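This report concerns only the one structure given below.
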Amino acid sequence: MDGAPLLIEIESLDDVTFPQSSGPLELLQLKHHQGERPVDLTTASVDVWSSLRVWCTRLSDGDLTDDAYLFLITTAGCADDSAPALLGVSDRDVEKAETLLFSYAQASEAKTTRLARVAFCGLSRAQRLNLLDRVRVIADAPEIDALDDRLNQILRFARPSKVNYVRERMVEWWYARSAQHLSKKTPGPINSAEIDLKIEALSDALSSDNLPIDVPEPLEDELGVVGGNMFARQLSLLPVSSARVLQAAKDYMQAFTQRSRWLGSELLTVGDLAEYESELVAEWRRRFNVMSDELGPTAAEEEMRREAKLLYRWIELEAHFPIRPRCTAAFVTRGSFHILSDQMRVGWHPAFMSILSDAIEESTA
């Protein structure tokens, strides 16, 4: 390759295609067999002939360029002296492979390979030799269960303790990107530069002053009933609109899920999280104490609610306390405050503790 980004297509001309401006450069047929060791490929194997059928048809239709390389990648092995064994990466014998395949195609009456045999025999010998000269059978490929270890080896740039996290996030991203490609939601091939950028973003997010943000805002139907949650009951004391309660629930769930993912991936320790929450509680207490002092002990309910709304407005629009210097997603701060509110460690109404404590005692009495 000339250093240009690699383009990837799935289920276009083949299972996987690496196109270039003048046409496909590499076409891949993938054959995965799981469980007990699969039977070795032979000259008569259906996997071999199903791949040949695709390639012969592409050649006859004019869809296969002269510089295209054709790969059959399989978890099976190759039987000795079989056509697929002679078409491997090394110790190749294209002429002998063509003779074996052509002889089988003429002699066999197997229904499972009939269409492929017809397509193969429909080519001239020169075409068959040219086609097979570009075929590479890669046998004994790792099963899908072994891919984690292979990917971990590739992702050695990450710190050992972070390799699993990077692999999991890359696999998640690749599945989503492949789905966009297959559904045509994102037209055109997948560019390898996208993979490079994703890896670069993950690497940057794993630096000591940052954390990755990889949890999307939840949809409304993912929230369930939130009215009974303590953070929602705290908001009912102000009160605020249902739209603001809904946003609070989204911030709560997104922050809770993101924090859990950081802890589960060992990107954050329980101690780190406790220290962050202590900072939030300290910042809240400073403002809560000022509010309570200025209201005084004889403040009317209407005054308390007005000031409580201002305090909560600060949480919604102004409070900004990154958990790491460059991890600046606002939902982390807002959602963490709601988590603390749910635990009754912070509140907005000046009398939230007494009001809600009394309500809890009544409901459990």
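The values are calculated or read from the model by the stated rules, or taken from the named source; none is laboratory data. What you are looking at is a predicted structure, and each value in this text was computed from that prediction instead of being measured. Positions of Cβ are generated from backbone atoms using ideal geometry, with glycine treated the same way; all protein chains shown enter the neighbour counts. Keep in mind that these areas ignore ligands, DNA and RNA; they rest on the heavy atoms of the full protein, side chains included. Shrake-Rupley method; radii C 1.70, N 1.55, O 1.52, S 1.80 Å.
The table for this structure:
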| read-out | value |
| --- | --- |
| Hits in the stretch 61-95 (condition: without any contact (Cβ under 8 Å) to a residue 24 or more places away in the chain and either in contact with an Asp or Glu (Cβ under 7 Å, 6 or more places away or on another chain) or within 17 Å of Ala139 (Cα to Cα) (or both)) | Asp80, Asp81, Leu86, Ser90, Asp91, Arg92, Asp93 |
| Which listed residue is among the acidic types (Asp, Glu) and over 18 Å from Arg334 (Cα atoms), from Glu266, Glu283, Glu277 | Glu266 |
| Residue selected from the stretch 170-188 under the condition open to solvent by 40 Å² or more (accessible area, probe 1.4 Å) and among the polar types (S, T, N, Q), by the criterion modelled with the lowest pLDDT | Ser183 |
| Pairs where the first residue, in the stretch 227-250, is under 13 Å from Gly347 (Cα atoms) and the second is open to solvent by 60 Å² or more (accessible area, probe 1.4 Å), C-beta under 6 Å, 6+ apart | Leu238/Arg305; Leu238/Lys309 |
| Lone unmet requirement of (1) part of a helix (DSSP H, G or I); (2) open to solvent by 50 Å² or more (accessible area, probe 1.4 Å); (3) among the β-branched types (Val, Ile, Thr) for Val225 | (1) |
| Residue under evaluation Ala179, criteria (1) among the hydrophobic types (A, V, I, L, M, F, W, C); (2) in contact (Cβ under 8 Å) with a residue 12 or more places away in the chain; (3) within 21 Å of Val16 (Cβ to Cβ), criterion not met | (2) |
| Leading residue by the ranking (farthest from Trp262 (Cα to Cα)) among those in the stretch 189-213 that are part of a loop (DSSP other than H, G, I, E, B) and open to solvent by 40 Å² or more (accessible area, probe 1.4 Å) | Pro189 |
| Residues (of a type in the set (Gly, Ala, Ser) and either more than 23 Å from Ile360 (Cβ to Cβ) or part of a loop (DSSP other than H, G, I, E, B) (or both)) located in the stretch 243-253 | Ala243 |
| Ser90 vs. criteria within 13 Å of Val135 (Cα to Cα) and open to solvent by 30 Å² or more (accessible area, probe 1.4 Å) | yes |
| Within the stretch 93-142, considering residues that are over 39 Å from the mean Cα position of the chain (by Cα) and outside any helix (DSSP H, G or I), the one nearest to Leu59 (Cα to Cα) | Leu123 |
| Exclusive hit being modelled with pLDDT of 80 or more and more than 30 Å from Glu302 (Cα to Cα), set Glu222, Glu283, Glu200 | Glu222 |
| Of residues in the stretch 265-296 being polar (S, T, N, Q) and loosely packed, with under 15 Cβ neighbours inside 10 Å, the one farthest from Ile323 (Cα to Cα) | Asn289 |
